[in-house]
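The values are calculated or read from the model by the stated rules, or taken from the named source; none is laboratory data. Predicted, not measured: the structure shown is a model, and the values here were computed from it. Every residue, glycine as well, gets a Cβ built from its backbone with ideal geometry; the counts of neighbours run over all protein chains shown. Calculation scope for accessible area: heavy atoms of the full protein, side chains included, ligands and nucleic acids excluded. Shrake-Rupley method; radii C 1.70, N 1.55, O 1.52, S 1.80 Å.
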Amino acid sequence: NTYYIKRIIGLPGEIVQIKKGEVYINGELLGENYGLEKINVGEEGIAKDAIILGEDEYFVLGDNRNHSSDSRDSSVGILKKEELIGRAFVRIWPLESIGVIPHE
């Protein structure tokens, strides 16, 4: 009965891996320009080895990476689309991009 806000990092069909505190999607470094906290080495969880997401699977991470229960933890794991609710509708950072987030 508790809801969490997480950032969707991996989409269906993508390969997610965390190496040396950095997130890789399909073998390419994810250019994250938010937050100051890198993932501590040893905190890669299930993403230490490459994970291939299925057609209805999502990999989520919290922005407070070293203090977050997210897809790295096997108790949370990979999420199915029906487990996702809500969506972001306003961006507040970076300030030059503040505003409403358009959706299809």
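The largest accessible area among 60, 100 belongs to the first residue in 100, 60, and the rest follow in falling order (1.4 Å probe, all chains).
The relative contact order of segment 1-94, computed from alpha carbon pairs under 8 Å that lie at least 6 residues apart in sequence, is 29 percent. Taking 23 Å as the straight-line reach from the Cα of residue 19, the lysines in range (excluding those fewer than 8 positions away in the same chain) are 6, 38, 48.
Assuming charge only on the beta carbon of Lys and Arg (+1) and of Asp and Glu (-1), the dipole of segment 54-93 about its Cα centre is about 240 debye to the nearest 20.
The P(r) of segment 1-70 has a tail past 16 Å containing 46 percent of all C-alpha pairs.
Overall, segment 3-104 carries a charge dipole of about 240 debye about its Cα centre when +1 sits on the Cβ of Lys and Arg and -1 on the Cβ of Asp and Glu, all other atoms neutral.
Picking from 78, 12, 67, whose Cα lies most toward the positive end of the charge dipole for the chain (charges on Cβ: Lys, Arg +1; Asp, Glu -1)? Checking the options against the dipole of the chain, the answer is 67. Largest mean-square fluctuation among 82, 37, 57, in a Gaussian network model of the chain whose springs join Cα atoms under 10 Å apart, belongs to 82.
I need the shape label for segment 38-96. Rule: rounded when a/c is under 1.5, else prolate if a/b > b/c, else oblate, with a, b, c from the alpha carbon gyration tensor.
oblate
Normalised by the residues of segment 51-92, what does the relative contact order come to in percent, with Cα pairs under 8 Å and at least six apart? All intermediate terms of the calculation are to be shown ahead of the outcome.
Numbers: 34 pairs, mean separation 14.4, N = 42.
Rounded, it is 34 percent for segment 51-92.
Its alpha carbons considered, segment 24-63 gives a radius of gyration followed by a Dmax of 11.4, 31 Å.
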